[in-house]
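Below is one structure, written out as structure tokens; comments come after it.
The values are calculated or read from the model by the stated rules, or taken from the named source; none is laboratory data. Given the structure is predicted, the values throughout are model-derived calculations rather than measurements. Don't worry about glycine lacking a Cβ; one is built from the backbone with ideal geometry, like all the others, and counts go over all protein chains shown. For the accessible areas, the whole protein counts, side chains as well, though only heavy atoms, and no ligand, DNA or RNA atoms are used. Shrake-Rupley method; radii C 1.70, N 1.55, O 1.52, S 1.80 Å.
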Amino acid sequence: MYHAEIVISGQNWFSGGFFGVDIFFVISGYLISRIILSELYETDSFDFQSFYERRARRILPMLFTVILASFPFAWRLLLPADFEEFCNSIISAVFFGSNYFFYLNATEYGAESALLRPFLHTWSLGIEEQFYIIFPVLLLAFYQRLRKYLLALCIAMLLMSFSFAVHMSTENADLSFYLPTSRAWELLAGSVLAYIEVKHGRPQRSTMSQVLTVVGLCFIIFSFFLFGSDTPHPGFATLMPVVGVVLIIGLSSGDGLVGRLLGSKPFVGMGLISYSAYLWHYPIFAFSRISDSEPGIYDKVSWVALTLVLSIASYFWVEQPFRNKRFLRGKLLIVGLLSVLFIVGGLLAALSYDGRTKAFMPAILTHEEFLQRPWTSLKLDGKTCFDNRCVFSNDNSSAWIQLLGDSHMASLQSNLVSRLGTRANVVSWTRGGCWPVSGGDRDHENMAIYGICGAEFQQQRFDEIMEVENSTIVFSARLPLYLTRRGFDNQEGGVETFSGKNVFHEEFATKEDAAAFRVAVVDSVTRLLDGGHRVILVYPIPEVGWKVPKKISSDMPSSLREVADWLKSNPITTSYDLYLERSREAIEILDSIDHENLHRVYPHKLFCDNQIEGRCVTHDDERLFYADEGHPSYRGAEMINDQIMVEIEKLIATTEN
């Protein structure tokens, strides 16, 4: 339900659904550790071959089934660059390294682009299997040499892992999300429960234990609704669902309220098909989103239904037969699975290198614009500078450049910082959906997809900008969106949507309040100029309405040989007159500001009424200029920054002289 993003009454009611994987880790740690500990205490030894054979029977057949079933859809629906990444992601999944693969490929879990990666969900399978490669060996060593301290050692490792997770969730959230060391404490929580049960048995049923299991269930349910994508995770907030599941596992009984609920046939049935559902759901959702970029609630319900149907079928026809030890016994099973593993890995490697992605591939399909989100690419010390202030200091320069704006400015900043190099100190002040205006408070309740943009932040942003003396400020924002209070409709089929969310604060919902916003824009820029700063105004970047990479992907001919000629005869363009009409008010506002320290850059002169008369282009023969329906791609940013750098070079030269 979380990955389906089913919105009801304008709200995603499962915003904390990502905690499901943490609950899974605790349950997995409990079940597997109980098996290992029971064998150790009963036989005083541990059969590694038998253990890993059971893991192989449990994990690999379904994984291979979903991989093979996904491949035709990937071949048909994915662009070459996407297809190559898909093949590499499968190889990483087969070798249980998906968590590292997706981190190194700068995948921000929960972001829109992440929903289009069919095997992103296997990051958690990678963490689980990495844990079970190391943990049984550690547990055996502790049992043989430090048996009386075994529980204390597990608790110590749990606390160290939790402390690491809390620290990393603020230092480098993306890395922490994918690291096994940040997740081990959840698996170890289950291990501690297993140890207590193996050594001391289940606790006797009591009123207190039943109350605590209800509390645990409430913790889990509340965590799904109380937290969202902006929650530091894994961290302190993760304690709520983890403690909840620990209370249920440790204290529930078959005749208690929670025990009867979770022991009912629907819940038991869901438990039986949970692994199949886990593997099936993400590819189904991803391929469905790729083929339909604006799915409705009924589409998403159908995805869930299809997942359940395939999961039930897979449980009976794939999982059950392979778990039966009479089916492909012992060494024959291991040899068979390893053979399939290497065949699949080799096939995918060959296909990703020499197949669809290399043969007859037009240049425009080979670049990173099809995968990357340029507004999140600038990072400092592992943290993205999007939605965060970043300072790139340079002791060899006295010049200061400050980047002020929303996600349109953020799309320019990575290339701009790179080009400035050691020429200047750079401060990034970008935040998604956040107009760079002193005063005016974007609606917090409706800002879930953008981040907070309150009056307090705006005041802080402008105050700190003013503290840097004689800086050059690059000012860029999507003013037409804020002034018209609606997404862009190119009147040719491309209509921008915002998942039912209001894009404009109610404070400026009337004409009178919108007039106040216009004044606020002028006053904000004037304040910067009067404070001794030089300002480069970046005029509105032409909007598209279509997500350009998706538009090409869905409309292009199936034969890659024909794509280049098709794009030349069917370029993706929009009306220049419509741009002028929609941007008229924004252009008038910016034109009305007059100051000797004011400089102007006009992106529309690059893209509009130039290559094609009366049209705004989104690509040339080799590169896309847009990453989606409005944000410039890396190439688009380079083109706009060519103009910005001309102005900056003049100003830096003046400062140095």
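Candidates 53, 42: the one that is charged (D, E, K, R) and farther than 22 Å from residue 96 by Cα is 42.
Candidates are the residues of segment 206-233 that are under 22 Å from residue 181 (Cβ atoms) and open to solvent by less than 30 Å² (accessible area, probe 1.4 Å); the one that is modelled with the highest pLDDT is 233.
Of all residues in segment 526-540, which are in contact with a Leu (Cβ under 9 Å, 6 or more places away or on another chain) and either among the hydrophobic types (A, V, I, L, M, F, W, C) or assigned to a helix (DSSP H, G or I) (or both)?
528, 529, 535, 536, 537, 538 - these are the residues of segment 526-540 that are in contact with a Leu (Cβ under 9 Å, 6 or more places away or on another chain) and either among the hydrophobic types (A, V, I, L, M, F, W, C) or assigned to a helix (DSSP H, G or I) (or both).
Which ranges mark the strands (runs of 3 or more DSSP E) fully within segment 553-657 that have 2 or more residues being at pLDDT 95 or above and open to solvent by 20 Å² or more (accessible area, probe 1.4 Å)? Lay out the reasoning, then the answer.
Numbers: elements: 573-575, 598-601, 615-617.
Those strands (runs of 3 or more DSSP E) span 598-601.
Just checking, does segment 143-153 include any residue being within 25 Å of residue 248 (Cβ to Cβ) and aromatic (Phe, Trp, Tyr)? No, segment 143-153 contains no residue that is within 25 Å of residue 248 (Cβ to Cβ) and aromatic (Phe, Trp, Tyr). Considering 93, 56, the condition of being open to solvent by less than 10 Å² (accessible area, probe 1.4 Å) and in a helix (DSSP H, G or I) is satisfied by 93 alone. In segment 473-498, the residues that are free of Cβ contacts under 8 Å to residues at least 60 places away in the same chain and open to solvent by 70 Å² or more (accessible area, probe 1.4 Å) form Cβ pairs under 6 Å with partners that are in a loop (DSSP other than H, G, I, E, B) and not small (Gly, Ala, Ser), at six or more places apart or across chains, as follows: 485/504. Please state which of the following conditions residue 79 fails to meet, knowing it meets all the rest: (1) crowded, with 21+ Cβ neighbours inside 10 Å; (2) closer than 16 Å to residue 282 by Cα. For residue 79, the exception is condition (2).
Looking at segment 161-174 only, could you name the residues that are free of Cβ contacts under 8 Å to residues at least 24 places away in the same chain and surrounded by 12 or more Cβ atoms within 10 Å (Cβ to Cβ)? Walk me through how you get there before you give the answer.
Here is the first cut: in segment 161-174, the ones free of Cβ contacts under 8 Å to residues at least 24 places away in the same chain are 162-164, 167-168.
Passing the criteria: 162, 164, 167, 168.
Name the one entry in 600, 561, 584 that is closer than 29 Å to residue 364 by Cα and of a type in the set (Lys, Arg).
Working: 600 fails: closer than 29 Å to residue 364 by Cα; 584 fails: closer than 29 Å to residue 364 by Cα.
Exactly one of 600, 561, 584 is closer than 29 Å to residue 364 by Cα and of a type in the set (Lys, Arg), namely 561.
Pick from 156, 152, 141: which is closer than 19 Å to residue 26 by Cβ, part of a helix (DSSP H, G or I) and either open to solvent by 40 Å² or more (accessible area, probe 1.4 Å) or in contact with a Lys or Arg (Cβ under 8 Å, 6 or more places away or on another chain) (or both)?
Numbers: 152 fails: closer than 19 Å to residue 26 by Cβ; 141 fails: closer than 19 Å to residue 26 by Cβ.
So the residue among 156, 152, 141 that is closer than 19 Å to residue 26 by Cβ, part of a helix (DSSP H, G or I) and either open to solvent by 40 Å² or more (accessible area, probe 1.4 Å) or in contact with a Lys or Arg (Cβ under 8 Å, 6 or more places away or on another chain) (or both) is 156.
Residues in segment 234-258 that are at pLDDT 85 or above, touching a helix residue (DSSP H, G or I) at 6+ places or on another chain (Cβ under 7 Å) and open to solvent by 20 Å² or more (accessible area, probe 1.4 Å): how many? Step through it out loud before you land on a result.
First pass over segment 234-258, keeping only residues at pLDDT 85 or above: 234-252, 257-258.
Narrowing further to those that are touching a helix residue (DSSP H, G or I) at 6+ places or on another chain (Cβ under 7 Å): 234-236, 238, 240-252, 257-258.
Checking which are open to solvent by 20 Å² or more (accessible area, probe 1.4 Å) leaves us with 236, 240, 243, 246-247, 249, 251-252, 257.
Adding up the residues that qualify gives 9.
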